[in-house]
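Trainee: Sending over a structure as structure tokens; questions will come in a sec.
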Amino acid sequence: MATNLNQVFISDAETALSGSTFNGSGDGADDVGIWNLDAAGAYQATKLYEKKIAGAAANVDTSDAGAADDAIEDLLTIVNPLWTLRRFQIVQRPVSGNWIASPMIDTSAVKRVQYTAHENWEGALCTITDSDLNTAGATDGDTYIFKFIIRAVPRNQTSFYDVSTLAVEGTSNAFPLGAFHTTNHKAINMTVAIAHVDDAVGTGDNLTPIQNAIAAHPILKDMVSAAEVGANIEISSLHPGLVFNLLIFNDTQGTDAQEAALTGEVVGTGNDWQVYDDEVRCRYKNGNFNRMYFPQPSDVFTRAGGHYDKITIEYASPNWPNGAGIVPAGSCNIATIYYTNAGTAPSSGTEFPTLFDYAQGTDAEFVW
């Protein structure tokens with residue numbers, strides 16, 4: 001479904017805006033809330049919708065003779081939850097200036113609500129084992145060529161912009177433009193001399209030369225890192241979206257290449273760089289249109305190192321004709337709420353699960 005308006009709302013608290021004043025809240029720590037437009041208006045404190053309704057009477061208790069029978073009603077889970085209000089807005093407290101809000105949303109226009117719990121990002125990595133270095137005929141002092149085959153490169157903004165503010169995996173290194181490929185791959189070579197080939201691969205005698213070679217390489221130093229993990233060495237991506245293969249040649253002995261085992265990336269959800277990418281991408285939708293010649297400072301809501309849960313609300317664009325043609329107008333808007341417990345992953349005491357009727361930490365989806 002094509003999209004039209006995308007907005008991002010970020011809360012540094014796991015509690016929601018409260019009270020009956022639009023540009024205020026019962027708690028100074030609250031950042032994001034749901035403004036109920038029904039009647040006089042107030043911030044919603046209870047469920048936005050009900051996913052269970054009463055069914056037929058069952059389990060009639062006749063054990064207490066002489067007293068009225070007790071009928072316990074079954075609760076039925078319905079596919080399309082029933083809304084408890086007619087119209088609402090999503091509201092963000094600013095650092096300064098005017099409060100940020102979504103358009104007035106009719107609940108009849110909402111198509112989907114999805115909750116996704118925080119999951120750590122883990123970059124793609126290649127594992128070097130003892131057999132990758134200690135091949136037949138290998139001797140101390142042999143020189144190895146590590147050939148990195150770049151299969152995919154990052155697309156996220158924080159790999160190239162503001163990396164010192166919200167860096168991925170603790171590195172402030174921007175992704176090097178020299179690592180981009182224009183065909184199906186790019187090969188980058190690194191030479192390493194291994195002093196004690198027959199030592200366990202994870203020992204300092206092997207790990208340190210590899211780390212030093214990466215640090216001295218003009219391109220790889222901004223792409224990957226090496227660490228001892230168990231009895232092996234892992235070469236890990238420093239950037240999301242970077243995928244590579246690693247071929248290891250014993251250049252001294254001229255032996256065939258050994259390919260390090262590849263472990264794919266875990267994209268994760270609600271990591272600080274993902275939240276900041278969304279925040280910057282959607283910032284101009286909050287009224288900051290002056291983006292080039294006379295830059296104006298904008299509030300930054302994302303907390304560096306923060307772990308966020310994510311709520312996505314998709315709703316139809318009111319009175320917006322889809323039309324025909326090559327590029328029809330978007331038929332759906334998206335509002336995303338990220339919330340954190342002052343940087344740590346939200347706990348079971350959050351108020352957002354109450355509003356959107358899900359269990360904290362368990363992914364959920366509601367469709368209309």
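The values are calculated or read from the model by the stated rules, or taken from the named source; none is laboratory data. No experiment lies behind these values; they were computed from the predicted model shown. Neighbour counts are summed over all protein chains in view; Cβ atoms, including those assigned to glycine, are modelled from backbone coordinates with ideal geometry.
Conditions tested, residue by residue: (1) modelled with pLDDT under 90; (2) assigned by TED's automatic domain parsing to the domain that holds residue 233; (3) outside any helix (DSSP H, G or I).
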| site | (1), (2), (3) |
| --- | --- |
| 114 | no, no, yes |
| 146 | no, yes, yes |
| 154 | yes, yes, yes |
| 173 | yes, yes, yes |
| 196 | yes, yes, yes |
| 210 | no, yes, no |
| 214 | no, yes, no |
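Trainee: Here's a follow-up. When segment 249-282 is examined, which residues are found to be among the aliphatic types (A, V, I, L, M), farther than 30 Å from residue 342 by Cβ and surrounded by fewer than 20 Cβ atoms within 10 Å (Cβ to Cβ)?
Mentor: 257, 261, 262
Trainee: Keeping to segment 40-73, report how many residues are of a type in the set (D, E, K, R), part of a strand (DSSP E or B) and either modelled with pLDDT of 75 or more or within 38 Å of the chain's Cα centre (by Cα) (or both).
Mentor: 3
Trainee: Out of all the residues in segment 330-340, is one or more more than 18 Å from residue 34 (Cα to Cα), at pLDDT below 65 and either surrounded by 12 or more Cβ atoms within 10 Å (Cβ to Cβ) or within 19 Å of the chain's Cα centre (by Cα) (or both)?
Mentor: Yes, segment 330-340 contains at least one residue that is more than 18 Å from residue 34 (Cα to Cα), at pLDDT below 65 and either surrounded by 12 or more Cβ atoms within 10 Å (Cβ to Cβ) or within 19 Å of the chain's Cα centre (by Cα) (or both).
Trainee: Moving to a separate point now. Assess whether residue 362 counts as being under 17 Å from the mean Cα position of the chain (by Cα), at pLDDT 85 or above and loosely packed, with under 12 Cβ neighbours inside 10 Å.
Mentor: Yes; evaluated as a whole, the condition is true for this residue.
Trainee: Moving on to the next point. Take the residues of segment 77-112 that are in a strand (DSSP E or B) and among the polar types (S, T, N, Q): which is modelled with the highest pLDDT?
Mentor: Among those residues, the one meeting the criterion is 89.
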